[in-house]
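To keep things clear, I will list the structure first and then write my remarks on it.
The values are calculated or read from the model by the stated rules, or taken from the named source; none is laboratory data. Just so it is clear, the model here is predicted, and its values are computed rather than measured. We place every Cβ from the backbone using ideal geometry, glycine too, and count neighbours over all the protein chains shown. The protein model used for the area step is the full one, side chains on, heavy atoms only, and it has no ligands, DNA or RNA in it. Shrake-Rupley method; radii C 1.70, N 1.55, O 1.52, S 1.80 Å.
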Amino acid sequence: MSCNLSNPRSKHFTIDINGKKICYLYIRKNACSAWKELFKGESKHQYDKEKYPNPVSFMGEFHKSDLESNFKYKIMIVREPLGRVVSGYLNQFVLRLERENNLHQSVSEQLGCAPENVTFKDFVHIYLRDVKLSYVDAHFWTQQSHMANVQYEKILLKNLHKSMADIIGKELSDKYFSKKLNSTSNFKKYEVSSDDVDAIELFHKFKKGEGLPTVESFLSPSIKAHLLSQYSKDIELYESVK
């Protein structure tokens, strides 16, 4: 289930907190926003947002890890895989229709239609299925594909606040991990079949204050079967930590 130390998808960062040397595996959609805030706030180096508009570049300059050091903890956050894909679609694609990004462009080119007309069914059955893995947006890479061949302290996303309190103390865990940042789970939810609904309709409903569909609303039998197959290694990983 792991890959070697030279895995190009592995990004590890290290920080010393309360005398504990912590190594963190960076995975998008797995509480990475909260971790970036921790590195910005607890680094011994001053974070300059003008110089580092992306905190990861700051982390890369001062906190990049070679995995060879003697770490107290090597931490990997593990998230339920299907919910992670739905959240990525909503957060990175639907809710950003007003400020299109590279994901909109690549999906639009693959599907041959405007981003606002893309449905979750199209997104899964055409973009995630047919695009070469190396070209799929990094938010949808498998969690397993980020791993190096090391022993991780695996923490379920839903247990992050409590688990980190045991490691770095309640005060710091409350500060960085008590609230979910950039999470679609923060919004009101409604349950209605949504796998074949255009992204723009979902966006307009959200803007009108109706919230977002639940994860289950997107998981028609065919979509669920496909995602269970495509993310089977992540399913195994998640089940091994539960």
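What to note about this one:
Residue-wise test of (1) in contact with a His (Cβ under 9 Å, 6 or more places away or on another chain); (2) without any contact (Cβ under 8 Å) to a residue 60 or more places away in the chain; (3) open to solvent by 70 Å² or more (accessible area, probe 1.4 Å).
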| residue | (1), (2), (3) |
| --- | --- |
| LEU38 | no, no, no |
| LYS64 | yes, yes, yes |
| ASN91 | yes, no, no |
| VAL94 | no, no, no |
| ASN102 | no, yes, yes |
| SER106 | no, yes, no |
| GLN110 | no, yes, yes |
| PHE123 | no, yes, no |
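- Flag for GLU210 being open to solvent by 70 Å² or more (accessible area, probe 1.4 Å), part of a helix (DSSP H, G or I) and of a type in the set (D, E, K, R): no
- Out of ILE27, ILE22, one residue alone is open to solvent by less than 40 Å² (accessible area, probe 1.4 Å), over 19 Å from ASP137 (Cβ atoms) and touching a residue at least 24 places away in the same chain (Cβ under 8 Å). It is ILE22.
- Residues in the stretch 7-19 that are in contact (Cβ under 8 Å) with a residue 24 or more places away in the chain, within 20 Å of the chain's Cα centre (by Cα) and outside any strand (DSSP E or B): ASN7, ARG9, SER10, LYS11.
- Residues (without any contact (Cβ under 8 Å) to a residue 12 or more places away in the chain and open to solvent by less than 70 Å² (accessible area, probe 1.4 Å)) located in the stretch 213-242: ALA225, SER232
- Residue, nearest to PHE39 (Cα to Cα), within the stretch 175-198, restricted to residues that are buried (at least 18 other Cβ atoms within 10 Å of the Cβ) and either more than 20 Å from the chain's Cα centre (by Cα) or at pLDDT below 95 (or both): THR184
- Looking only at the stretch 68-89, and only at residues there that are of a type outside the set (Phe, Trp, Tyr) and open to solvent by 20 Å² or more (accessible area, probe 1.4 Å), the one that is nearest to CYS23 (Cα to Cα): LYS74
- Checking each residue in the stretch 130-147 for being open to solvent by 10 Å² or more (accessible area, probe 1.4 Å), assigned to a helix (DSSP H, G or I) and either at pLDDT 90 or above or closer than 22 Å to VAL94 by Cα (or both) picks out ASP130, LEU133, TYR135, ALA138, HIS139, GLN144, SER145.
- Residues located in the stretch 219-242, provided they are under 16 Å from the mean Cα position of the chain (by Cα) and acidic (Asp, Glu): ASP234
- Flag for PRO55 being out of contact with any Leu (no Cβ under 9 Å at 6 or more places or on another chain) and under 26 Å from LEU157 (Cα atoms): yes
- Of all the listed residues (TYR89, TYR127, TYR73), the sole one being more than 21 Å from LYS224 (Cα to Cα) and aromatic (Phe, Trp, Tyr) is TYR73.
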